[in-house]
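Here's the structure we're looking at; comments come further down.
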Amino acid sequence: MTNNDPTQELAHIRGLMERSTRFLSLSGLSGVVAGVVALGGATLARYHITEALAPGADVLTYGTGRGYSQVDDLRVTLIMDAALVLFMALLGAFWFTWRRSRRTGQHLWDVSARRLMTNMMVPLGVGGIFCLALFYYGLPGLVVPATLVFYGLALFNASKYTLDEIRWLGVSELMLGVVALFWLDAALLFWAIGFGVLHIFYGGLMYLRHERTAENA
């Protein structure tokens, strides 16, 4: 007669249920890489803004200065900077998550992954269009807090399909974005904290909680 531990059996059943409804292969290392890339992008953006803005220029609409002949040059530069940061962050996220999914045996594009992406992309897509509209109407100063707010909404909305740390990361991004809306002079600093420092912190936490233990098991 085999004596099975009911606690272990319940834990096994719970694990199977979570794997079928939640994407648990999201790698914390991808968050760390995204954070480092974001800090580099924020530093570059700060340099271009400092070069472009005249002393006392309005932080809501920006202006022209010694580094740029037209304000449109600065806008294009910032968009290219953001696109490069996004590309490198997504590349790192794909690589580390793909590597972990192979270790855990969970498919990279299963039902839970599709649910996760769907719930993230709706707020992110709307937020991207909204930010382009802010650029179009000459309000680039609001783009930084808007990205924090919509990114936080996307993470919070998708957190029910992945690790619990994503929910708290989303709440943190939302709080920073709301504060940045009323403190535009420091908006880029809040952006660096949100996309840089918080990604590194929560990514490292996810790795320590979910990946290092599994690797050492």
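On the Cα set of the stretch 115-183, report Rg and Dmax in Å, please.
12.4, 38
Which peptide among 38-49, 77-88, 150-161 comes first, and what is the full order, when sorted by highest mean count of other Cβ atoms within 10 Å?
Values: 38-49: 18.0, 77-88: 15.8, 150-161: 21.2.
Packing proxy ranking, top to bottom: 150-161, 38-49, 77-88.
Bin width 5 Å, origin at 0, all Cα-Cα pairs of the stretch 94-143: what percent of pairs per bin?
5, 19, 16, 15, 11, 11, 10, 8, 4, 1
In cubic angstrom, how much convex hull volume per residue do the alpha carbon atoms of the stretch 27-216 span?
Working: hull volume 18.6 nm³, N = 190.
Given the Cα convex hull of the stretch 27-216, per-residue volume reads 98 Å³.
What's the extension gain from Leu90 to Tyr47 if we count 0.36 nm per residue and subtract their Cα-Cα distance?
Details: separation 43, 0.36 × 43 = 15.48 nm, distance 2.38 nm.
So the chain would gain 13.1 nm between Leu90 and Tyr47.
Stretched out fully, how many nm does the piece from Met80 to Arg212 gain, at 0.36 nm a residue minus the Cα gap?
Working: separation 132, 0.36 × 132 = 47.52 nm, distance 3.55 nm.
This chain segment gains 44.0 nm when fully extended.
Report the net charge of residues surrounding Asp81, where surrounding means a beta-carbon distance below 11 angstrom and charges are Lys +1, Arg +1, Asp -1, Glu -1.
Working: positive: Arg46, Arg75; negative: none.
Residues near Asp81 contribute +2 overall.
None of the figures in this text is laboratory data; all of them are computed from the coordinates on show. This is a predicted model, so every value here is computed, not measured. Reconstructed Cβ throughout: ideal geometry from the backbone, glycine too, with neighbour counts over all protein chains shown.
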